[in-house]
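A.B. asks: Pasting a structure below so you can have a look.
The values are calculated or read from the model by the stated rules, or taken from the named source; none is laboratory data. These figures come from a predicted structure and were not determined experimentally. We place every Cβ from the backbone using ideal geometry, glycine too, and count neighbours over all the protein chains shown. When the accessible area is computed, the model is the full protein with side chains, heavy atoms only, and any ligands, DNA or RNA have been set aside. Shrake-Rupley method; radii C 1.70, N 1.55, O 1.52, S 1.80 Å.
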Amino acid sequence: MHINDAVFLEDLCPKFRLRQWRKSIHRFTGKSCIYCGKPSESIDHVLPRSQGGLSTTENCVPACLSCNGDKSDENALYWYRKQKFYDPRRAMAIRAWLEGDLRLAIRLLQWANPNFKSSNKNNEQDSSEYEAA
Ligand SMILES: [Zn+2]
């Protein structure tokens, strides 16, 4: 999926759908921060909104408040490389996520964290829901 085909949530989704969408983003990673693996409490715009980043699934990742706040307006991959908890598998997962390949991203996250709890069944449902939206 290319960014041009992405669903523009602001245009299409009333508040309820936005809430569902946020929930599904967290579900993809089993409610863990894509950067450090701690519980995800927020949604991080990989490309910050201040730099034209969109609220699309490709640009929004589950993040804990600490990572989200610390990263601030920096480029996510550049910021992530400097972190103590940097893991190249997670960096690849973030890249795959940005390219819209959530299935690959989830597989890489599972590889990075053997305790990863994401239900594949839910993920399949969620991604097909997105493609249909
Ligand atoms: Zn984190």
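A.B. asks: Among the residues of region 44-84, write down those that are in contact with a helix residue (DSSP H, G or I) (Cβ under 7 Å, 6 or more places away or on another chain) and aromatic (Phe, Trp, Tyr).
C.D. replies: Matches in region 44-84: 79, 80.
A.B. asks: Tell me which residues, restricted to region 1-51, are assigned to a loop (DSSP other than H, G, I, E, B) and modelled with pLDDT under 85.
C.D. replies: Listed by number, the residues that qualify are 1, 2, 6, 7, 8, 13, 14.
A.B. asks: In region 34-56, what residues are closer than 24 Å to residue 111 by Cβ and either of a type in the set (A, V, I, L, M) or touching a Ser or Thr at 6+ places or on another chain (Cβ under 8 Å) (or both)?
C.D. replies: Listed by number, the residues that qualify are 34, 36, 38, 39, 40, 43, 46.
A.B. asks: So which residues in region 64-81 are in a loop (DSSP other than H, G, I, E, B) and either surrounded by 17 or more Cβ atoms within 10 Å (Cβ to Cβ) or near the ligand (Cβ under 8 Å from one of its atoms) (or both)?
C.D. replies: 64
A.B. asks: Listed residues 39, 88; which is more than 10 Å from the ligand (Cβ to nearest atom), open to solvent by 60 Å² or more (accessible area, probe 1.4 Å) and within 17 Å of residue 112 (Cβ to Cβ)?
C.D. replies: 88
A.B. asks: Now for a separate question. Report, by residue number, each residue of region 23-36 that is open to solvent by less than 10 Å² (accessible area, probe 1.4 Å) and within 12 Å of the ligand (Cβ to nearest atom). Write out each step before concluding.
C.D. replies: Applying the first criterion (open to solvent by less than 10 Å² (accessible area, probe 1.4 Å)) to region 23-36 yields 24-25, 28-29, 33-35.
The answer is 29, 33, 34, 35.
A.B. asks: Taking residue 86 as the residue in question, decide whether it is modelled with pLDDT of 95 or more, farther than 19 Å from residue 22 by Cβ, out of contact with any Asp or Glu (no Cβ under 7 Å at 6 or more places or on another chain) and not in a loop (DSSP other than H, G, I, E, B).
C.D. replies: Working: modelled with pLDDT of 95 or more: yes; farther than 19 Å from residue 22 by Cβ: yes; out of contact with any Asp or Glu (no Cβ under 7 Å at 6 or more places or on another chain): yes; not in a loop (DSSP other than H, G, I, E, B): no.
Considered against the rule, which asks whether it is modelled with pLDDT of 95 or more, farther than 19 Å from residue 22 by Cβ, out of contact with any Asp or Glu (no Cβ under 7 Å at 6 or more places or on another chain) and not in a loop (DSSP other than H, G, I, E, B), residue 86 comes out as no.
A.B. asks: If I ask for residues that are closer than 15 Å to residue 97 by Cα and of a type in the set (D, E, K, R), which ones from region 30-83 would you list?
C.D. replies: 44, 58
A.B. asks: Next question. So, in region 42-63, how many residues would count as being open to solvent by 20 Å² or more (accessible area, probe 1.4 Å), more than 10 Å from the chain's Cα centre (by Cα) and without any contact (Cβ under 8 Å) to a residue 40 or more places away in the chain?
C.D. replies: Number of matching residues: 5.
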